[in-house]
Amino acid sequence: MTTRRSFIRGTGAYLPSRILTNEDLAKMVDTSDEWIRERTGIHARHIAAEGEMTSDLAVEASKEALRNAGLGPEDVDLIVLATTTPDQTFPATATAVQAKLGVKGGAAFDIQAVCSGFLFALATADSMLKQGLFNTALVIGAETFTRILDWSDRSTCVLFGDGSGAAVLQAGEGGADEGLIAHHIRTDGTKSDLLYVDGGVSSTGTIGHVRMQGNQVFRHAVTNISSAIQHVLAETGYSIDDIDWFVPHQANQRILNGVAKKLGLEEGKVVSTVAEHGNTSAASIPLALHTAISDDRIKPGDLVLSEAMGGGFSWGASLFRL
Ligand code: UT7
């Protein structure tokens with residue numbers, strides 16, 4: 001039996017040209033290339049240029065995703081953009097993307113679930129397409145995350161970078177094991193003090209900076225991510241051996257390894273791009289997905305499992321077939 005479902009038709013990604021290496025950071029704070037590589041797997045991160053905004057990054061990734069899908073702005077009727085670092089408090093950065101891409105009509109809005117944002121956006125767009133509210137969606141993760149970093153705090157400033165990734169989702173008819181298959185998204189507001197920004201519109205009237213109890217977040221990340229994955233597998237009847245590719249949120253190579261080990265996932269199936277761009281928050285999953293599709297690792301028909309964990313806490317997992 002076939003039903004109305006969502007399919008990923010194309011992906012794109014964009015990284016700003018300026019690269020900040022671990023050696024560069026070692027000149028700014030008391031850290032070293034060795035510490036950063038050993039504890040995180042990160043070698044470098046990209047930094048948006050002055051005047052380059054989250055919407056600019058998002059537009060570049062979206063253009064590539066549309067090209068790869070063989071579609072144009074005239075085909076898009078929904079834009080869901082996950083970001084923690086919007087251009088302005090309002091309007092939504094997604095509407096800036098809508099205007100810059102020349103998308104006429106439809107709807108565009110932002111989603112805020114920090115590092116899990118792309119999965120929350122994917123689940124939202126998928127539901128709306130399945131319901132028949134829209135037909136073709138741009139689902140984007142884009143961040144100028146380095147703008148909320150405290151560059152004197154070595155425990156956070158070495159971890160994050162800027163970037164964007166996008167996927168074009170289109171509604172069509174298909175079987176239960178085609179296209180986007182299942183999502184599991186969750187939050188726990190009682191853990192917000194472990195990872196947050198110490199400012200905001202209605203609290204301090206300032207932008208604020210990222211604060212994190214890294215080792216505590218690490219512990220919860222492995223547990224929550226594993227539980228989300230097990231939930232998605234149990235719901236769909238797939239086993240971990242059925243997964244062709246694992247595309248995790250790129251926060252820390254040790255978290256990727258920890259989750260893979262806990263679930264019995266072969267390391268060769270794990271897509272890792274964290275070394276090149278660090279933690280780009282909502283952008284990291286589509287960046288990694290696009291990388292592995294572009295270099296022909298992920299092929300049409302492959303079963304892909306994705307996961308994320310971030311501030312909130314927020315976390316989730318998505319299962320889809322390319
Ligand atoms: O994407 C959103 C979710 N976020 C995450 O998933 C991040 C999760 N957490 C992590 O990735 C890791 O906890 C970190 C990479 C942030 C830290 O690694 P860790 O192994 O948990 O280290 P730690 O926080 O326990 O700190 C160990 C030591 C401390 O020194 P003492 O107290 O042992 O003397 C820190 O002060 O490492 C020190 N340290 C550093 N040293 C050199 C912390 N940051 C640095 C640094 N360079 N950049």
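Since every read-out is calculated from the coordinates, none of them should be taken as a lab result. Quick caveat, the model's predicted, so the values are computed rather than measured.
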**Complete:** The ³J(HN,Hα) series, computed from each phi in region 247-261 with the Karplus coefficients 6.51, -1.76 and 1.60 at θ = phi - 60°, rounded to the nearest Hz and given as x for glycine or proline, is 10, x, 4, 9, 9, 7, 4, 5, 5, 4, 5, x, 5, 4, 5
**Prompt:** Is the shape of region 80-141 rounded, prolate or oblate, going by the alpha carbon gyration tensor and its root eigenvalues a ≥ b ≥ c, with a/c under 1.5 for rounded and a/b larger than b/c for prolate?
**Reply:** oblate
**Item:** Amide H partners (placed H, <5 Å) of G179, local residues excluded
**Value:** R321
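With the contact rule set at Cα under 8 Å and sequence spacing of 6 or more, what percent relative contact order holds for region 3-174?
After rounding, I find 35 percent.
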**Item:** Quotient of C-alpha Rg and 2.2 N^0.38 Å, computed over the chain
**Value:** 0.93
**Prompt:** Applying the Karplus parametrisation 6.51 cos²θ - 1.76 cosθ + 1.60 with θ = phi - 60° to the phi angles of region 158-175, what ³J(HN,Hα) value in whole Hz is obtained for each residue in order, glycine and proline being reported as x?
**Reply:** 7, 8, 10, x, 9, x, 7, x, 9, 10, 9, 10, 10, 7, x, 8, x, x
**Asked** Looking only at K100, K27, K299, which one moves most when the chain is put into a Gaussian network model with springs between Cα atoms under 10 Å?
**Response** K27
**Message:** Through the Karplus equation 6.51 cos²θ - 1.76 cosθ + 1.60, θ set to phi - 60°, convert the phi angles of region 209-218 into ³J(HN,Hα) values in whole Hz; use x for Gly and Pro.
**Reply:** 10, 5, 10, 8, 8, x, 5, 6, 4, 3
